[in-house]
Amino acid sequence: AQSVTQLGSHVSVSEGALVLLRCNYSSSVPPYLFWYVQYPNQGLQLLLKYTSAATLVKGINGFEAEFKKSETSFHLTKPSAHMSDAAEYFCAVSRGFQKLVFGTGTRLLVSP
Amino acid sequence: SQTIHQWPATLVQPVGSPLSLECTVEGTSNPNLYWYRQAAGRGLQLLFYSVGIGQISSEVPQNLSASRPQDRQFILSSKKLLLSDSGFYLCAWSARTGDGYTFGSGTRLTVV
């Protein structure tokens, strides 16, 4: 069975600071990994995905994530936070035809 | 391009009343379709998924049901709503390759 663990239900950063949202996965086969963002009362939007190509994945809005097999991690980063980045972020894992399994989410708070 | 439509955006229903939420996908054929629920302060719970017309798999036993009368139409229903059915309902689709889901904009259901 596959699963993801997101460390920290809330992360607070100042505008301009580094954003680091942590995700660790568990999978018995090489996984597909995803990060989604959700703004209040909206659906989820795909930020980026890893599907066994390059281990460093660049996404929208300046976010990127690095797949580290040795650490079973897929942390999401952004060099400089913007107020508009405040939202909830979900890490997810799947493999091929298997269903997407989501983490419990991390709410990012950005202060001026 | 593919689009997903979900309606209504918000719904307030009394306990014991029926429910019907509809989701349609355009611009693709044979999509996998999913219904998720997001309760306040919680992650995403997969309720139902479908890999074809009339094929429904239930993830969580409850008083909700789903149907797929057409290839790109997915309906979530209930005969009698409970207070615990309140939440944010999200429809999603994926291609057979399973390399990511696209979500609808969601329905905020409040059962009173």
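Any read-out appearing in this document is the output of simple, stated calculations on the displayed coordinates, not a laboratory observation. The structure presented is a predicted model; accordingly, all values stated were derived computationally and were not measured. Every residue, glycine among them, receives a Cβ derived from its backbone with ideal geometry; neighbour counts consider all protein chains shown.
Quick one: work out Rg over Rh on the C-alpha atoms of chain A, Rh as Kirkwood radius.
Values: Rg = 13.3 Å, Rh = 14.0 Å.
My calculation puts Rg/Rh at 0.95.
I want to check the label-to-label distance for B:GLN45 and A:THR104. Put each point 7 Å from Cα in the C-beta direction and report it in nm to one decimal.
1.5
Between rounded, prolate and oblate, where does segment A:1-55 land on the alpha carbon gyration tensor, with a ≥ b ≥ c its root eigenvalues, rounded for a/c under 1.5, else prolate if a/b exceeds b/c?
Details: a/c = 1.76, a/b = 1.61, b/c = 1.09.
Prolate.
Can you compute the radius of gyration and Dmax for segment A:26-81, using only the Cα atoms, both in Å?
Answer for segment A:26-81, Rg first and Dmax second: 12.1, 37 Å.
Quick one, can you get me the convex hull of the C-alpha atoms of segment B:41-89 expressed as volume per residue in Å³?
On the way: hull volume 4.3 nm³, N = 49.
That works out to 89 Å³ per residue.
Please compute, for peptide B:31-38, the average count of beta-carbon atoms on other protein chains lying within 10 Å of each residue's beta-carbon.
Details: counts 0, 3, 0, 2, 0, 4, 0, 7.
Per residue, the average neighbour count from other chains is 2.
How many nm separate the modelled label positions at A:TYR39 and A:ILE60, each set 7 Å beyond the Cα in the direction of the Cβ?
Result: 1.0 nm between the two label points.
Taking the Cα centre as origin and putting +1 on Lys and Arg beta-carbons and -1 on Asp and Glu beta-carbons, what dipole magnitude results for the protein assembly as shown, to the nearest 20 debye?
Working: 17 positive and 12 negative charges, 69 e Å.
Dipole about the Cα centre, nearest 20: 340 debye.
List the residues whose amide H sits under 5 Å from the amide H of A:THR104, counting only those 5 or more places along or on another chain, with H placed 1.01 Å from N in the peptide plane.
Answer set, sorted by chain and number: A:GLN6.
Calculate the spin-label point distance for A:SER70 paired with A:SER84, positioning each point 7 Å from the Cα along the beta-carbon direction, and give it in nanometres.
So the label points at A:SER84 and A:SER70 sit 3.8 nm apart.
Using the 2.2 N^0.38 Å rule of thumb for compact globular proteins, work out how chain B stacks up: its C-alpha Rg over that value, please.
Working: Rg = 13.3 Å, N = 112, 2.2 N^0.38 = 13.2 Å.
Dividing the Cα radius of gyration by 2.2 N^0.38 Å gives 1.01.
Could you tell me what a quarter of the Cα convex hull surface of the protein assembly as shown works out to, in nm² with one decimal place? Spell out each step's value before the answer.
Working: hull surface 49.5 nm².
Projected area, direction-averaged: 12.4 nm².
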